[in-house]
Amino acid sequence: MRTRKTIGLAAIGAAAALALAACGGSGGSGGSGGGGGTATKASFNAGVTHVVNPSNHKGGTLNFASSSGIPDSADPGNTYYAQMWNLTRLYAMPLMTYASCPGPCGLKVVPDLATGPGVVSNNGLTWTYHIQPNVHFEDGTLVTSQDVKYAVERTFDRSKFPLGPGYYPSLLAPQNATCAKAMAAGKTTGCYPGPYVDRSKNLMGLNAVQTPNSTTVVFHLAKPFADFNYVTAIPQSAPVPPNKDTGANYQLHPISTGPYMFQSYQINKQLTMVPNPHWNPATDPNAKQLPSKIVLTFNVNPNDVDNRLLAGDIQVDLPGTGVQAAARTKILTSNSLKAQSDNPVSGFEWFMTLNNKVPPMNNIHCRMAVEYAANKTNNQTAYGGPYAGGTIGSTAAPPNVVGQKHFDLYEATTKSQGDLTKAKQQLQACGHPNGFSTGITYRSDRPKEVSVAQAMQAALARVGIKLTLHGFPTASYTSNFAGVPNYVHSHDLGITVYGWAPDWPDGYGEFYYIADGAAISPVGNTNLGELNDPLVNSLLGKFATENSATVRNSYTSQIDMQIMKDAAFLPIVYAKALLYRPSNLTNVYVQPFYGMYNYAVLGLK
Amino acid sequence: MAAPLDVAPSGDVAPEAMLSGISAKAIEGRSLGQIAWLRLRRDKVAMAGGAVVIFLILVAIFGPFLVQNPDIYHANLINPTLSRPNGPFGGISVAHPFGVEPVTGRDVLSRIVNGARVSLLIAFLATALAVSIGVVMGIIAGYVGGWVDGVIARSMDVFLAFPLLVFAIALVGVIPSSAFGLSGNSLRIGLLVFVIGFFAWPYMGRIIRGQTLSLREREFVDAARSIGARGPYILFRELLPNLVAPILVYSTLLIPTNILFEAALSYLGVGIIPPTPSWGGMISDAVNSGFYSIDPMYMIIPGLAIFITVMAFNLFGDGLRDALDPRSSR
Amino acid sequence: MTARAPAPHPVITFIVRRLIATVFLLIVVSMITFAIFFLLPRLAGQTTRGLASQYIGRNPTPAAVHAIEQQLGLDAPLPVQYGRFLRGIVLGEHFNAGTSKAYCPPPCFGYSFKNQQPVWPMMVSGLPVTISLAAGAAILWLVGGVAIGVISALRRGTLFDRFSMGVALAGVSLPIFFTGLIALELFSYKWPIFPNVQFVPFTQNPLLWARNLVLPWIVLAFLYAALYARLTRAGMLETMSEDYIRTARAKGLPERTVIFKHGLRAALTPIVTIFGMDIGLLLGGAILTEVTFSLHGLGLFTVEAIQNQDLPEILGVTLLAAFFIVIANLVVDVLYAVVDPRVRR
């Protein structure tokens, strides 16, 4: 299934310290970047904790395939998918990036183009980055701080780059007083319009980013935002040379700062990359330049992708969401194949939101009845079982969010078939002893969601709760249906099937968009359960100014606990993917933030 | 998709009809039917096809009351790790003679039976729509002639210029999931019927127009005109009965085309909305989940259902044509 | 001698008349298509805002939605949008790519809403695949279908006749995607006679091009071959019972001449008409075949366009398909006019 790396904007955060802890990636390891864990022989899940087949052997053609095209854009400034954030590191160096190492170490952000993490001013409003003085574009020009500023400016033009995250326009200080007023009203009048509309075209008109010299970039924020180092780890901060920018066509050939550069790219068909001669391994410890060519083939029949993978014709399935059922059976029933596979958590959690505003679900006991009555095993089966679907979830955040702690309020893992006695007690308490009726929404073009909706229908019927099924197309799911509270209320849609992976792995990145009362919006809503719990809201607000990693982690688990106490979320699974690593692939391991193999370091035997 | 009914009209009704005068028409009509029936009865293959068609119609009407609920999950019949049915051949057993679906464990037999209802419903309604528009337009064009004929013929050209399948999948894709006061499957079925029927009528229209043109010049129409019969009388009492045979034959042959068409749309994911079963949708599920290569029955059973249904209609339609129009004999 | 200009040849007049009619027809088709894709969803309750927000990433802000509405030209009234679309096809279009105005030369079918790239080159890049698929399959089914039809007609009632007509009936009754999947599963995965089916351009490696297309050709041709065999057989049976055939035989012409010169020629005339129409309609069959075999042609492009709800792409490919149909019909008509003077009314 094509799954989207969804996430939202963020607001405030802390912990400059948290991200930057020592790990294989930061600074030192030079050409061998990525050797975080110790090397190991191929065995099941070896790639989750260790680098499999470590090698610096150069040469060969690395083949990727995908059952779709590039999901949004190859332009680092216009993409919002985990697979693309992973892939762009082959041709783009953002200021910060996730450490190239397996295990928890890979959840940390480390400097990439920058020489160190951003330094925040005392008032929390100014972030300063110094960039490496000797990084070059593929044409040999030196990368300067102006190129970084220009890249940030581009993200303000939402008409050319609508698909990427919108953090900079919302976080950076308004261009002027008119803009400040407009923004307060949700408009952009007078705000910086992006470099194409800006009259001082290519003259670096964005006031909020300053470049005092060619290696320094200073960001001025509207409000403190302690998570800013995570924001600059999004590929959008990768430098773009203003005189080489081709706007909406830049996706056809982004000017590389990474180990590879585009040779040819036909949208939805094929992308070929070759080594970038101006790339210097010393400046980019998080990536490697091993294969002599990288070819990505798009729109291959999903089953065919797997067959080619198992046959060794291709080495990587680009989306990183795991093999299809047929290949899964082959892999799991063969010891030798299974030893060449990994089953990591992907960073996604699939869950249902139980709406706080739709009667009778506005009564917490009715929501708890749903929690108890759900058959979590069948839900898990609907998503593909323990390997392809994931581990049964009991918390609102998945385990690769820093600070997440395990707990289980509704016997999801202990009585996974459901606890009908407790469900009936809750129904009694909610005043509907014989059950009630409500609707469940799901994305009708996603078979797993269709299955889980049906599984819920069958499970809740056991206690008299009647579910009506309402499937909508993914494209308009949040824009026209499940994300429009008025629609949800008028159609009595009490349960919504959804999934989420954070833009960065902490409590703020995870929860702001799906659980903060301030995130409820009349259209395109992502807080689908319309949870507006003061405790959750205030804890999320505290992230802005809290710098201690320990305290932030405790916020994360408190918010998680509170959401579950509210019975606002019904977790389905912490998503997992069954990944296959062909034996000729080297330096293979799962980058835990992306939940798939680290594409920046792969090589061939 | 092949153009439905590429078959050129054979340009003539059964010779018996030629002999008919006005007064003898009723009797002739009956005897034409009797003769055709006699011929049809002798055609064993067509009769077999007809029997299967009747069986399928009965299944579509009554079957869903006789089988289990097609939406019930049987998680206990599914291997929780591999999501495939326990047991060989897709979990075929006494309780589930056609096996169960992977992932959900839903009974395949009941999904096939319910799928028959949807498939036939859409095919019949779409055919009825195409035939009604086609017959009305064809008769008017052929009988009135002149500029009316010109306009209708040109509009048929326009409709025939639309790439039907491309158009159908695109249209279903862009219409919001609730519109025109309908939503869910009633909207989808309505859309499918509309698209298939509305863009297939010119095939029928052309045939009927041709038939009407040739009938118009016949003696019995002249005779009716000469004794003072007016347009509507001639249209409905003289022309229509003589058009029954081609209408019947081409409707029978249009149905299987429409069944295939609906299956193709469901295969491409723009047909019936799950969980309502449809044959094309079942094949599509089997393919998209990749299960068809480890659980081939998951795909073969709905495939065979489509095949048998379409084949039966084709056999019966061929036989019917031969019976009504001996010149096109095999 | 008067100075009267010589009357143009009737065939020329006919062709010119038909060409004008064809252009007119295409304009009407484009209008209806445009209305259906842009107007109908609106009547059904779709808003410009809702449409625009489909082409934005997560959490569209109202400002971003507005920017996209403007960028995609959705804020203009529909007739203006249609006018722009038509003008783009005839005169080309300037598109604001950001850094500069990109010019999209005619025929410009607009820019994709999804990836902001011109639609026409994307469609053109799919053409070689679809044409390769269609041409190979067409030859296969025409030759195969007609040959089987003729032999069956001549050996009416024999085992060959019954068997081939049985297979033909199965052929027209099987969904093309079902045959395709079975073929792919058996001959590409289970017994990898044709492994790794993917399109290789003819110019790059003709052998591989052919090998990789064999399965799709056979699958696509199977359906049509069956149809053509049935039609040819029926046509042959009818012609062979005509009086002039009897006359020809009575004249003592060799049977071979009778069959090929007199019988087949007459029986083939309707086949040619149908062939023309089927070629025009082939995109339909190509969609299912290309989806089944993951061939990156126009058919797969269509399905992707629909999955992405990319209206300019959908509009473009629908019109292109209509264009093929209309042109195929035109060619058939013209051929007829050349061959048969009675048609030039």
Name the long-range amide H neighbours of B:Ile78: under 5 Å, sequence gap of 5 or more, or other chain; modelled H, no Pro or chain starts. B:Asn86
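Would you please put C:231-242, A:373-384 in order of how densely packed they are, using the mean number of other Cβ atoms within 10 angstrom per residue and starting with the highest?
Values: C:231-242: 20.5, A:373-384: 25.7.
My ranking of the peptides, most packed first, is A:373-384, C:231-242.
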Determine ³J(HN,Hα), in whole Hz, for all residues of segment A:515-524 in sequence, where each value follows from phi through the Karplus function 6.51 cos²θ - 1.76 cosθ + 1.60 and θ = phi - 60°; x replaces Gly and Pro. 9, 7, x, 5, 8, 5, 10, x, 9, x
Using alpha carbon centroids, what distance separates segment B:60-107 and segment A:65-90, in Å? 39 Å
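Relative contact order for chain A: what percent, with Cα pairs under 8 Å and sequence separation of 6 or more? Could you put the intermediate results ahead of the total?
On the way: 1539 pairs, mean separation 139.3, N = 605.
It comes to 23 percent, rounded to a whole number.
Inside 10 Å of the C-beta atoms of C:323-333, what's the mean count of C-beta atoms belonging to other chains?
On the way: counts 2, 2, 7, 4, 1, 1, 3, 0, 0, 0, 0.
Across the residues of C:323-333, the mean count of other-chain Cβ atoms within 10 Å is 2.
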Find which of B:Leu213, B:Pro274, B:Ala305 sits farthest along the positive direction of the dipole of segment B:204-310, computed with +1 on the beta-carbon of Lys and Arg, -1 on that of Asp and Glu, about the Cα centre. B:Leu213
So the compactness index of chain A, its C-alpha Rg divided by 2.2 N^0.38 Å, takes the value 0.94
For segment C:10-118, just say rounded, prolate or oblate: build the C-alpha gyration tensor, square-root its eigenvalues into a ≥ b ≥ c, call rounded for a/c under 1.5, and beyond that prolate if a/b exceeds b/c, oblate if not. oblate
Name the lysines eligible as straight-distance cross-link partners of A:Lys108: C-alpha to C-alpha under 20 Å, and not fewer than 8 places from it in the same chain. A:Lys5, A:Lys288, A:Lys405
Compute the convex hull volume of the Cα atoms of segment A:474-540, divide it by the residue count, and report the result per residue in Å³ as a whole number. 83 Å³
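Charges only on Cβ, +1 for Lys and Arg, -1 for Asp and Glu: so what's the dipole of segment A:345-576 about the Cα centre, in debye to the nearest 20? Intermediate results must be reported in sequence, preceding the final value.
On the way: 16 positive and 17 negative charges, 114 e Å.
I would put it at about 540 debye.
Can you give the mean number of other chain Cβ atoms that lie within 10 Å of the Cβ atoms in peptide C:25-33?
Values: counts 5, 2, 0, 5, 6, 0, 1, 5, 6.
The per-residue average across the peptide is 3.
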What is the Cα centroid distance between segment B:245-262 and segment A:166-199, reported in whole angstrom? 61 Å
Compute, for the protein assembly as shown, the length of the dipole vector about the Cα centre, with Cβ point charges of +1 (Lys, Arg) and -1 (Asp, Glu) only. Units Debye, rounded to 20. 1940 debye
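Need one value for A:297-307: mean number of C-beta atoms belonging to other chains within 10 Å of its residues' C-beta atoms.
Numbers: counts 3, 3, 9, 3, 11, 5, 12, 9, 2, 2, 7.
Other-chain Cβ atoms within 10 Å of each residue's Cβ, averaged: 6.
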Please report, to two decimal places, log10 I(q)/I(0) for segment A:307-383 at q = 0.14, 0.24 Å⁻¹ as given by the Debye formula with identical point scatterers on the Cα atoms and no solvent. -0.67, -1.21
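Using helices alone, I'd like the mean residue ellipticity at 222 nm for chain A: each DSSP H run of four-plus residues gives -39500 (n - 2.57), total over residue count, nearest 500. Before the final figure, lay out the partial values.
Numbers: 19 runs with 151 residues, N = 605.
Estimated from H runs of four or more residues: -6500 deg cm²/dmol.
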For segment A:345-576, the charge dipole (Cβ of Lys, Arg +1; Cβ of Asp, Glu -1; about the Cα centre) points to a positive end, and the Cα of A:Pro399, A:Pro502, A:Asn553 closest to that extreme belongs to A:Pro399
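Ranked highest first by the average count of other Cβ atoms within 10 Å around their residues, in what order do C:290-297, A:518-525 fall? Before the final figure, lay out each step's value.
On the way: C:290-297: 25.5, A:518-525: 18.2.
Highest mean packing first, the order is C:290-297, A:518-525.
Starting from the Cα gyration tensor of segment A:110-167, take the square roots of the eigenvalues, sort them a ≥ b ≥ c, and report rounded, prolate or oblate (rounded when a/c is under 1.5, otherwise prolate if a/b is larger than b/c, else oblate). Walk me through the numbers before you get to the answer.
Numbers: a/c = 2.33, a/b = 1.03, b/c = 2.25.
Here segment A:110-167 falls in the oblate category.
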In terms of Cα to Cα distance under 19 Å, which lysines are near enough to C:Lys101, apart from those fewer than 8 places away along the same chain? A:Lys160, A:Lys201, A:Lys244, C:Lys114
Using Cα centres only, tell me the gap between segment C:13-30 and segment A:365-383 in whole Å. 62 Å
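Order of A:412-418, A:71-77 by packing, highest average Cβ count within 10 Å first?
Details: A:412-418: 17.0, A:71-77: 25.7.
Ranked from most to least packed, the peptides come out as A:71-77, A:412-418.
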Taking one equal scatterer on every alpha-carbon of segment B:32-324, how large is log10 of I(q)/I(0) by Debye at q = 0.13, 0.14 1/Å? -0.96, -1.06
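Trypsin sites (Lys or Arg not before Pro) within segment A:111-209: which are DSSP loop residues with at most 14 other Cβ atoms inside 10 Å?
On the way: sites: A:Lys149, A:Arg154, A:Arg158, A:Lys160, A:Lys181, A:Lys187, A:Arg199, A:Lys201; in loops: A:Arg158, A:Lys160, A:Lys187, A:Arg199, A:Lys201.
Passing sites in segment A:111-209 are A:Arg199, A:Lys201.
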In 20 Å bins starting at zero, report the fraction of Cα pairs in the protein assembly as shown per bin as a rounded %. 10, 37, 34, 15, 4, 0
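By its C-alpha gyration tensor, with a ≥ b ≥ c as the square roots of the eigenvalues, how is chain C shaped: rounded for a/c under 1.5, else prolate for a/b larger than b/c, else oblate?
On the way: a/c = 2.67, a/b = 1.51, b/c = 1.77.
Oblate shape, in that a/c is at least 1.5 and b/c is the bigger or equal ratio.
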For the protein assembly as shown, with +1 on Lys and Arg beta carbons and -1 on Asp and Glu, the positive-most of B:Ala51, B:Asn242, C:Gly145 along the dipole: B:Asn242
Determine the alpha carbon to alpha carbon distance for each of A:Lys223/A:Lys542; A:Lys376/A:Lys565; A:Lys269/A:Lys293; A:Lys58/A:Lys330 and list only those over 23 Å. A:Lys58/A:Lys330
Given charges of +1 on the Cβ of Lys and Arg and -1 on the Cβ of Asp and Glu, with all other atoms neutral, how large is the dipole of segment C:120-344 about its Cα centre, in debye to the nearest 20? 1100 debye
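Values in this text are rule-based calculations from the coordinates and carry no lab data. For clarity, every value in this text was computed on a predicted model and none was experimentally measured. Because the Cβ atoms are built from the backbone with ideal geometry, glycine has one as well, and the counts that use them run over all protein chains shown.
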